[in-house]
Amino acid sequence: MKTGLVLEGGGLRGMFTSGVIDAMLEEKVTFDGMIGVSAGALFGCNFKSGQHGRALRYNIKLRNDPRYMGWRSLLKTGDIVGADFSYHVVPFDIDPFDGEAFRRNPMEFWLVATDIITGEPVYHQMHDFTHHELEWMRASASMPAISHPVEVDGMVMLDGGMVDAIPLKAFQQMGYGRNVVVLTQPRDFFKKKTKLIWIIKQLTKKYPKVGEVMARRHEMYNAELEYISEQERLGNALLIYPSEPLKIGRTELSEKKMRRVYGQGHDMASSLMSQIKEFVESQS
């Protein structure tokens, strides 16, 4: 049975995930495949390339750069995360991504985006680290209303977390029967309906499916929480999650907070390492 790693998104809450995967890199934990959503894909790709500490490093380095992330980028470009700079300059010129190591690693790497014409999830396997493939990654992480839709391979897409925030079931259907699932919210988290849905609908009225899926997003998310808990009880999933709310905003580039959240993830994974190894290595 194939083993998988499932990574939730959450913007800079993903620093928790970065700490988790770095702890697993240190212990040489491997999987047959991984799937990431939004920040889970952005930071998770470093696990496949074996680049310990890279996500924390470049986020700290660029925290004050107006080309990177924040309201200055949104006002200037229409994207809260600078599209060209973040996806096509940073990984090649600022903090180079090891595309060769990514290609050599046999672990499959999947990401999730949302087709905003149909309102359905799209699952894409990245085989390489090219401009085209990075547009898929940008699509997976482009938050609605504060990002331009991304057009790639004939589809118009935004953040995968809109329709499949914790894609455990989808990954199981791809053949990954045993999965470590990394969450960026505490175990008792319960998502409420967004109070800003009317604003989102107004800002995305060219794509009505965006408003529709965002209005139901809390229902989707809470149903997925129930599903992963059931899979945990059945022994098909091992969950890693913060013990308390991470208290960092999606785009909050505070060095102190990023280091703290990263440390929480690293410490949590380290404390569970024997269980992680046993789970991954066990045969059912």
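A few notes on this one:
- Scanning segment 226-248 for residues that are open to solvent by 30 Å² or more (accessible area, probe 1.4 Å) and within 23 Å of Leu196 (Cα to Cα) yields Pro245, Lys247.
- 2 or more residues among the β-branched types (Val, Ile, Thr) and closer than 30 Å to Lys201 by Cβ: qualifying strands (runs of 3 or more DSSP E) within segment 93-176: 108-115, 150-152
- Within segment 57-74, one or more residues are part of a helix (DSSP H, G or I) and open to solvent by less than 10 Å² (accessible area, probe 1.4 Å).
- Residue selected from segment 23-56 under the condition on the phi > 0 side of the Ramachandran plot and of a type outside the set (D, E, K, R), by the criterion most open to solvent (accessible area, probe 1.4 Å): Gly50
- Residue match in segment 12-22 (condition: surrounded by fewer than 21 Cβ atoms within 10 Å (Cβ to Cβ) and of a type outside the set (D, E, K, R)): no
- Selection of first residues in segment 214-243 that are under 15 Å from Val163 (Cβ atoms) and of second residues that are part of a helix (DSSP H, G or I) and at pLDDT 95 or above, restricted to Cβ pairs under 7 Å at least 6 apart or on distinct chains, gives the following pairs, ordered by first then second residue: Met214/Met162; Arg217/Met162; Tyr227/Leu168; Tyr227/Lys169.
- Segment 234-255: number of residues that are out of contact with any Ser or Thr (no Cβ under 9 Å at 6 or more places or on another chain) and in a loop (DSSP other than H, G, I, E, B): 11
- Of all residues in segment 135-171, those satisfying the criterion of being among the aliphatic types (A, V, I, L, M), surrounded by 21 or more Cβ atoms within 10 Å (Cβ to Cβ) and over 16 Å from Asp79 (Cα atoms) are Met162, Val163, Ala165, Ile166, Leu168.
- Ile200 vs. criteria closer than 16 Å to Leu158 by Cα and touching a residue at least 12 places away in the same chain (Cβ under 8 Å): yes
The values are calculated or read from the model by the stated rules, or taken from the named source; none is laboratory data. The structure displayed is predicted, hence computed values, not measured ones. Virtual Cβ from ideal backbone geometry, glycine too; neighbours counted across all protein chains shown. Side chains are part of the model used for accessible areas, which takes the heavy atoms of the whole protein and leaves out ligands, DNA and RNA. Shrake-Rupley method; radii C 1.70, N 1.55, O 1.52, S 1.80 Å.
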